[in-house]
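The numbers here are math on the coordinates, done by the rules we state, and not lab data. Computed from a prediction, not measured in an experiment: that's the story for all the values here. All Cβ positions, glycine included, derive from the backbone under ideal geometry; neighbour counts span all protein chains shown.
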Amino acid sequence: MNSEKFSNALGKIDVSYVEEVVDYKAKKKRPQQIWKLAVACVAVIVLTVDVLPLFNKDKEISSGFALIAYASENGTVVENKVQEGASVPISFFETTNGLKGFVFAYNRKNPGDISSASIMTEGEFPGILEEIIGLKMSKDKNYVFYIPEQDKEFPYRFMMPYTDEEANLVYFCYLLVEETEDGYSAVIERMESFERKFKE
Amino acid sequence: MVDEEIIELFFERSEQAISELDTKYGRVFHKTSYNILKDELDAAECVNDAYLGTWNAIPPTKPNSLLAFVCQIVRNVSVKRYYMKKAIKRNSTYDVAMEEIDACLSSASTVEDEVETRELARIIEGFLDTLSSENRVIFLQRYWFSDTYSDIAKKVGISEKSVSVRLSRIRKKMREYLVEREVLV
């Protein structure tokens, strides 16, 4: 087949497809949001205990925080470690109550932590996080379901905080999610950590 | 004048039907043809030929969308003219658009000789049905209307970069679809 045959065949498709194009009206977009450092709304279905620290950036960034992004490849769910400067594949997942977003997770580390799943979004409160279709959640991890604001264009930038009580540190993880030819990718643009001055 | 009134003029065999059609949609028809031929004179001739085709088709046909119906005639006439004039210099959006398709469809061996144009059209319709409405519009705007990335981006309300990424992804998906149905091997 070549483009001529394809073009001739395309000229013979039902006129209703052409009508759809002729009548199409783009969805109204809300004005682009200025990239924010903090998200507007977080909902937690299982409460975790934490205390807002007073930050004092005395220490260099250290390891201890490993973020995982979930991708669906040929029907199989794959975990990819998100790193600074190196993009990994990530996919949209859907919950049983129709929420669509990207799924991240990190290992539970803090003593007394209860495994949790939270929603992170910049838009309106989307509702309770129900089961994520196709994803078997582990009790050893905490999950974050990032829902991009409706009609917002790629790339998405957002910040994910993480507290490591053992190390007495709070991490700020600045993430970037982009569209690629094959789907989507996630990368950590930068990580900052701060020593907690106040702890429970 | 609304479309139903123009169609009524065709049914009454009133020549005013053509002038009303041209007044209302002439610019769209001309743009559709010009996107393919990149020549004002040729585009004008093709639009006139399309008006004759429309006059012969209505009645008995009573189209739901007059614009879409006549655009289809304009496109087919223009594509036919394009391939007749093979010597036309490569400068139209249609050329670039079809080269993108060529790269997607090229294969050492195909069963193209055994696939009739209309059967292929049905297969393409099946593929189009797998796309979201927005992606379907993007695809047809590019390969049916031969619109530029800029025009597509404006119509759909996304960036040109997004249009490029989406089309690349859709072409890949189309190739897989055609391979599955043994149109390509």
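Brief remarks follow.
- Gaussian network model of chain B, springs between alpha carbon atoms under 10 Å - residue of B:F11, B:F29, B:F139 with greatest fluctuation: B:F11
- Most mobile listed residue (B:V47, B:V28, B:V74) in chain B, GNM with C-alpha springs under 10 Å: B:V28
- Computed over chain B with a Gaussian network model linking Cα atoms closer than 10 Å, the most mobile of B:I158, B:I18, B:I170 is B:I158.
- Counting other Cβ atoms within 10 Å as a rough exposure proxy, the listed residues B:S19, B:S146 run B:S19, B:S146 from fewest neighbours to most.
- Placing unit charges on each Cβ (+1 for Lys and Arg, -1 for Asp and Glu) gives chain B a dipole about its Cα centre, and among B:V77, B:L52, B:I158 the Cα reaching farthest toward its positive end belongs to B:I158.
- The Cα atoms of region A:120-175 give a gyration tensor whose axes a ≥ b ≥ c have a/c of 1.5 or more with a/b no greater than b/c, which makes the shape oblate.
- When shorter helices are ignored and each DSSP H run of at least 4 residues is given -39500 (n - 2.57), the per-residue value for chain B at 222 nm works out to -24000 deg cm²/dmol.
- Counted charge near B:T148, where neighbours are those whose Cβ lies closer than 10 Å (Asp, Glu -1; Lys, Arg +1): -1
- Region B:3-84: relative contact order in percent, alpha carbon pairs under 8 Å with at least 6 residues between: 36
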